[in-house]
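Data first, discussion second: the structure below is written as structure tokens.
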């Protein structure tokens, strides 16, 4: 490609670098192997493994497809640049194509930052109401809708695993699975305390109220990930499910709560009709929680090697949401802000915060 403008040089270097970073040839071979595997008649006999394989294929194609686009665009752009020297309309087309490819490169740049051991996995996300009374319960439900809306916008599947409604309004706690390529990698930066400031709709005097909700995010790990859990370390409790699900769930002790005694980690599931299904889902949730704890240990060890910088943890206030006196949302770590509260809560502007966290985390690691 000719030396060209800075944008053109960035593009020329960009796809070449990303082709190396993502090991393009190896991933193409992996896709071929998976597609051959999926063509076998017995592929869907083991549904869980089949779904995990399909997710892996989607993850690979999420990287390969834009890389292939960039590689093919290389020769096309060379020709357009040459023709654009004498034709103003083609020159405008060249600029539009460069802007499109820049967007593809920026997307790949973010995916290159998702290089943690579980970043390619689906996510299990829990929202808990914290301080703030009924406002906190309402705020927790608003956040649950925010993450569900974001997931829907980006093509992720959302499954409700557990929900406990508050008697007056909102929820005490809820857990969802966000399933799709790199869901955990994008959402893991949401772990922490989220603070809302607004005029309380539950206060007859119309006073300003500050309320808090806590978000916990774990990777949804499959059976191929080895996590040692001893039977003696688990306490299982059965209880009667509540909430939506029909009369059946209220007549039997179908809900399951598992407690991992050494770490005091508690998971529960009541979303399925049968005790067996709830138990299986609860075990998956527990394995995911313990996998996240192991990842947090590795992150802490890595953080201790430089400047004693604290990693973002479950007890950290990470973002402020304001409905009074003005409407805005600002991240306490990255400084990224949006002037529309509702655009964030409907999921349309949440991605900017996720992207900003990935870049901030990468810069923190690079500087130290």
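Residues being in contact with a strand residue (DSSP E or B) (Cβ under 9 Å, 6 or more places away or on another chain) and either buried (at least 20 other Cβ atoms within 10 Å of the Cβ) or not in a strand (DSSP E or B) (or both): count how many of those fall in the stretch 164-177.
Total satisfying the criteria: 8.
Testing residue 140 on (1) within 23 Å of residue 351 (Cβ to Cβ); (2) not assigned by TED's automatic domain parsing to the domain that holds residue 166, one condition comes back false. Which one is that?
With (1) within 23 Å of residue 351 (Cβ to Cβ); (2) not assigned by TED's automatic domain parsing to the domain that holds residue 166 applied to residue 140, the lone miss is (2).
Hey, among 161, 108, which residue is in contact with a strand residue (DSSP E or B) (Cβ under 6 Å, 6 or more places away or on another chain) and at pLDDT below 90?
Answer to the selection: 161.
Identify all residues within the stretch 292-328 that are in contact with a strand residue (DSSP E or B) (Cβ under 6 Å, 6 or more places away or on another chain) and at pLDDT 85 or above; write none if there are none.
Answer for the stretch 292-328, where residues must be in contact with a strand residue (DSSP E or B) (Cβ under 6 Å, 6 or more places away or on another chain) and at pLDDT 85 or above: 317, 318, 319, 320, 321, 322, 323, 328.
If you scan the stretch 178-208, which residues turn out to be part of a strand (DSSP E or B) and either surrounded by fewer than 22 Cβ atoms within 10 Å (Cβ to Cβ) or free of Cβ contacts under 8 Å to residues at least 40 places away in the same chain (or both)?
Listed by number, the residues that qualify are 179, 192, 193, 195, 197, 198, 199, 208.
The values are calculated or read from the model by the stated rules, or taken from the named source; none is laboratory data. These numbers come from a predicted model, not from an experiment. Reconstructed Cβ throughout: ideal geometry from the backbone, glycine too, with neighbour counts over all protein chains shown.
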